[in-house]
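Undergrad: Submitted below is the structure of interest, expressed as structure tokens.
The values are calculated or read from the model by the stated rules, or taken from the named source; none is laboratory data. None of these values were measured; they are calculated from a predicted model. Using ideal geometry, Cβ is built from the backbone for each residue, glycine included, and neighbour counts are taken over all protein chains shown. Ligands, DNA and RNA are stripped out before the accessible areas are found, and what is left, the full protein with its side chains, is counted by its heavy atoms. Shrake-Rupley method; radii C 1.70, N 1.55, O 1.52, S 1.80 Å.
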Amino acid sequence: MTDHRLTDEAQAFRHTTRRERLIERILLAAAGLSATVVVAIFSMLAWFCLPLFTEHRLAAVLSWRWDPIHQHFGILPMLLTSCLLTILALCIAFPLTLGICSLLHGTLRNGALRRGLLFLVHFMTGIPTVIYGFVSVFVLVPLLRWMFETGTGFSLLTAGLTLSVLILPTMVLVLHAELDQAERRYRLTAEALGFSPEQTMRTVLLPASRRALVVTVLLGMGRAVGDTLVSLMVAGNAAQVPHSLFDSVRTLTAHIALVLATDSHGMAYPSVFAAGLFLFLLMSCFQGFLRFWARHGTSVK
């Protein structure tokens, strides 16, 4: 009887080991496939940008003037606008994310208000981007035009506000999930030390979730940089360097969409691949910087 039981346990152990090895290989294959796709995308963009280097047309693309009628194809205004718009959206959305998560894990730890707020955040993630843009065109644009009495309302500020609302639910849910786990680990200890929920949130949960804060910013940044529809609908699509929040602007993603829809043979066409390559490198630099900062920051105690 004892030998039978040992044999069964040994077989169960072998089955578990085989299953874990299979899962490990599947995850390894998925990671390898993801890395291959990223390398393939970069290679494709670099390949299509090659004529800009070999035919000495790179300087024409890396200039500050976009005027196809007079043969000026500079994408730097769009690159600068993409950076400014992303930073503006994050500057609005990140404090709101911290505030909402502080409510969920501090003042509103239980009750109907917490459930209602979470339901609203989940609901916002399911709203299509075009709806945000549509509402912004008919509500936010006239409102800002009426309030500030300058420009058309289709501006950097309008796009930044709309994008901040768009990326807010994603950032809240990512940080909320991490804070939930940290709360299970540290809540009893904090209560034993006499901390209030607000003190626990400020001095225990947020410092313990530092890496999650970086991931939250990265996801919000990726969504803001990559979004095309909002900038197409409410930014004004003027290829120029903005001098104020009320100027009309065009981002790299909107530029790619507009050029691909109207030109496939002229000099403007290769510029979209340069725009795609710069977009790729821009995100890589942002992510590399934030990951370095997070690693350096967490190593200092």
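Undergrad: Which residue pairs have Cβ atoms closer than 8 Å, lie 6 or more positions apart in sequence or on different chains, and pair a first residue in region 110-132 that is closer than 18 Å to L219 by Cα and open to solvent by 70 Å² or more (accessible area, probe 1.4 Å) with a second residue that is part of a helix (DSSP H, G or I) and not acidic (D, E)?
TA: Within 8 Å, the pairs are H122/P169; H122/L173.
Undergrad: Quick one: what pairs do we get from region 199-225, first residue outside any helix (DSSP H, G or I), second of a type outside the set (K, R), C-beta under 8 Å, 6+ apart or different chains?
TA: Filtered contacts from region 199-225: S209/L175; S209/E178; S209/L179; S209/A182.
Undergrad: Which residues, taken from region 48-92, are of a type in the set (G, A, S) and either open to solvent by less than 50 Å² (accessible area, probe 1.4 Å) or in contact (Cβ under 8 Å) with a residue 24 or more places away in the chain (or both)?
TA: Across region 48-92, the qualifying residues are A60, S63, G74, S82, A89.
Undergrad: Also, I was wondering about something else. Counting only residues that are basic (K, R) and in contact with a strand residue (DSSP E or B) (Cβ under 9 Å, 6 or more places away or on another chain), how many does region 215-274 have?
TA: 1
Undergrad: A follow-up question, please. Would you point out the residue of region 1-47, among those that are open to solvent by less than 80 Å² (accessible area, probe 1.4 Å) and farther than 30 Å from L279 by Cβ, that is modelled with the lowest pLDDT?
TA: Within region 1-47, the match that is modelled with the lowest pLDDT is T7.
Undergrad: I'd like the full set of residues that are assigned to a loop (DSSP other than H, G, I, E, B) and open to solvent by 70 Å² or more (accessible area, probe 1.4 Å), limited to region 133-151.
TA: Selection gives E149 alone.
Undergrad: Regarding region 155-162, can at least one residue be identified that is farther than 30 Å from T107 by Cβ and open to solvent by 40 Å² or more (accessible area, probe 1.4 Å)?
TA: Among the residues of region 155-162, not one is farther than 30 Å from T107 by Cβ and open to solvent by 40 Å² or more (accessible area, probe 1.4 Å), which makes the answer no.
Results for (1) under 23 Å from G133 (Cα atoms); (2) not hydrophobic (A, V, I, L, M, F, W, C), shown as yes or no for each residue.
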{"site": "V172", "(1), (2)": "yes, no"}
{"site": "V214", "(1), (2)": "no, no"}
{"site": "A235", "(1), (2)": "yes, no"}
{"site": "P242", "(1), (2)": "yes, yes"}
{"site": "A257", "(1), (2)": "yes, no"}
{"site": "S284", "(1), (2)": "no, yes"}
{"site": "L290", "(1), (2)": "no, no"}
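Undergrad: Checking F195 against (1) outside any helix (DSSP H, G or I); (2) open to solvent by less than 40 Å² (accessible area, probe 1.4 Å); (3) not β-branched (V, I, T), only one condition comes out false. Which one?
TA: Of the numbered conditions (1) outside any helix (DSSP H, G or I); (2) open to solvent by less than 40 Å² (accessible area, probe 1.4 Å); (3) not β-branched (V, I, T), the odd one out for F195 is (2).
Undergrad: A follow-up question, please. Anything in region 242-257 that is among the hydrophobic types (A, V, I, L, M, F, W, C) and either at pLDDT 90 or above or more than 12 Å from L85 (Cα to Cα) (or both)? List them, or say none.
TA: L245, F246, V249, A254, I256, A257
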